[in-house]
Amino acid sequence: MSAQAPLPPNATIGIVGGGQLGRMSALAAARLGYRCHILTPEEDSPAAQVSAAATIGDYEDPTILRAFADAVDVITFEFENISAAGLELLAALKPVRPGPHVLRISQDRMAEKSFLNAEAGVATAPFALIETLDDLRAAAARLGLPAILKTTRLGYDGKGQARLAAAEDLAPAFAALAPKSLILEGFVDFAREISVIVARGGDGAVSAFDAVENRHRDHILDLTLAPAPIAPETAAAAAAIALRVADALDLVGLLAVEMFEDRDGRVLVNEIAPRPHNSGHWTIDACPASQFEMHIRAVAGLPLPPAARHSDAVMKNLVGPEEAALWPQIVATPGLIPHLYGKKEARPGRKMGHVTRLFAKGGLPGEYGIAQALGPLAAAVRTPRRCRGGN
Ligand code: AMP
């Protein structure tokens, strides 16, 4: 693909989606001299609060989409639940980066896993499409139990999935998730979850952040450790996988690749997200150019600087009312870097903000030190299972 002309200062970047990823992208865009225009059905959204303009309306309404496209110079998205058809309508009117073909693949777990195996040549857990209970029985016999049954579309933060441990789990899980289209995935007994975020420009230039470790609580990202405490070969393998996937997608924009490191040190891709990602929030404070700046640079056709890291970092999400309520103590703790997303209501499971704590390079503390470094959030940090009992 040939290089695109750089977007000039004061041009307008349209962002589909009004959440915190759009908010932090818009803040990065503002620093580069761009205006952002947000498309979202939500009034007073986190992204619109910090942007020059917003269109409040339905993502699938052609009149709304045309008005939005008219008002902007280039379009990107911060979440994946707009239909690919909606994004194609936009792409007929203005450049959309990444393109609708990328969204089509990442929106559907079957398309995604098939693409990852067949086109990108990277390994995933074994999987099977499930349309009937008989399909599920046959796939469970082939892949073995435990296994994970997931909806192929619109799942996030563990929603729309069930862990199948025994034969009697099959029928109830199928009944709970059908008639949605489903996929069964072999269970990966992972040592840890990691991710790599890579930016790719229209000229094919790439810039990848170091692999990080991600720890979830109740299926929601809780903690990111940057860099991941993994062997250099594993980090290199993870980076190579992310670059292969970005190239295979012919991506222009940002891509997060979530992976498992299994007990034998092999790296398997779990899923991809063609947008800024929660596991990259640490880059705002620990890197000269954050994932959000990389995203905006790729979308705007600016050169991509190296994804260098000046510090190690721990990022802790602030999830739900209890963690959000620690705000006064958080802002009173030296060394904790606070980020709040402007959401009025702190519902359980809702990501309200995050905090970052920086360390000298090579200076990430051990488990106890990480919790202590998070001050008022120490009690909310769980020690991973593998670390209990002194292992
Ligand atoms: P997902 O929505 O696919 O990212 O899944 C949410 C979480 O469920 C992941 O972060 C993992 O902790 C777990 N998980 C998903 N798929 C698998 C799998 N095939 N094997 C083991 N754990 C999984």
**Q.** Residue within the range 70-80 that is open to solvent by 10 Å² or more (accessible area, probe 1.4 Å), modelled with pLDDT under 95 and either more than 13 Å from the ligand (Cβ to nearest atom) or in the same structural domain as LEU251 (by TED's automatic domain parsing) (or both) present
**A.** yes
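If you take the residues in the range 92-109 that are of a type in the set (A, V, I, L, M, F, W, C) and crowded, with 18+ Cβ neighbours inside 10 Å, which one is farthest from the ligand (Cβ to nearest atom)? Please lay out each step first, then the result.
Let us first name the residues in the range 92-109 that are of a type in the set (A, V, I, L, M, F, W, C), namely 92-93, 96, 102-103, 105.
This time we only want the ones that are crowded, with 18+ Cβ neighbours inside 10 Å, so: 96, 102-103, 105.
Numbers: VAL96: 25, VAL102: 18, LEU103: 17, ILE105: 15 Å.
Across the range 92-109, the extreme among qualifying residues is VAL96.
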(Q) Would you confirm whether or not the range 5-17 contains a residue that is over 23 Å from the mean Cα position of the chain (by Cα), modelled with pLDDT under 95 and among the small types (Gly, Ala, Ser)? (A) yes
**Q.** Test: residue in the range 353-372 that is at pLDDT below 95, under 24 Å from the mean Cα position of the chain (by Cα) and not in a helix (DSSP H, G or I)
**A.** no
Q) Does any residue in the range 180-197 that is within 14 Å of VAL269 (Cβ to Cβ) come within less than 9 Å, Cβ to Cβ, of a residue that is within 6 Å of the ligand (Cβ to nearest atom) and among the small types (Gly, Ala, Ser) six or more places away or on a different chain, and which pairs are these? A) GLU185/ALA125; GLY186/ALA125; VAL188/ALA125
Q | Checking THR224 against (1) crowded, with 16+ Cβ neighbours inside 10 Å; (2) out of contact with any Phe, Trp or Tyr (no Cβ under 8 Å at 6 or more places or on another chain), the condition it does not meet | A | (2)
Q | Residue selected from the range 257-273 under the condition of a type in the set (A, V, I, L, M, F, W, C) and within 12 Å of the ligand (Cβ to nearest atom), by the criterion surrounded by the fewest Cβ atoms within 10 Å (Cβ to Cβ) | A | LEU268
Q. What's the number of the condition ILE194 fails, among (1) within 30 Å of MET294 (Cα to Cα); (2) at pLDDT below 95?
A. (2)
Q: Considering only residues that are within 23 Å of ASP189 (Cβ to Cβ) and of a type in the set (Gly, Ala, Ser), look in the range 110-134 and name the one that is most open to solvent (accessible area, probe 1.4 Å).
A: ALA123
Q | Condition met for ARG192 (within 12 Å of the ligand (Cβ to nearest atom), out of contact with any helix residue (DSSP H, G or I) (no Cβ under 7 Å at 6 or more places or on another chain) and among the basic types (Lys, Arg)) | A | yes
Q | Candidate set: the range 167-188, residues that are assigned to a loop (DSSP other than H, G, I, E, B) and at pLDDT 95 or above; chosen: the one surrounded by the most Cβ atoms within 10 Å (Cβ to Cβ) | A | VAL188
Q. Can you tell me which residue in the range 319-335 is farthest from LEU377 (Cα to Cα), limited to those that are touching a residue at least 40 places away in the same chain (Cβ under 8 Å) and among the hydrophobic types (A, V, I, L, M, F, W, C)?
A. VAL319
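The values are calculated or read from the model by the stated rules, or taken from the named source; none is laboratory data. Only a predicted model underlies this, so the values are computations on that prediction, with no experimental measurement involved. Heads up, the Cβs are rebuilt from the backbone with ideal geometry, glycines too, and the neighbour counts pull from every protein chain shown. Side chains are part of the model used for accessible areas, which takes the heavy atoms of the whole protein and leaves out ligands, DNA and RNA. Shrake-Rupley method; radii C 1.70, N 1.55, O 1.52, S 1.80 Å.
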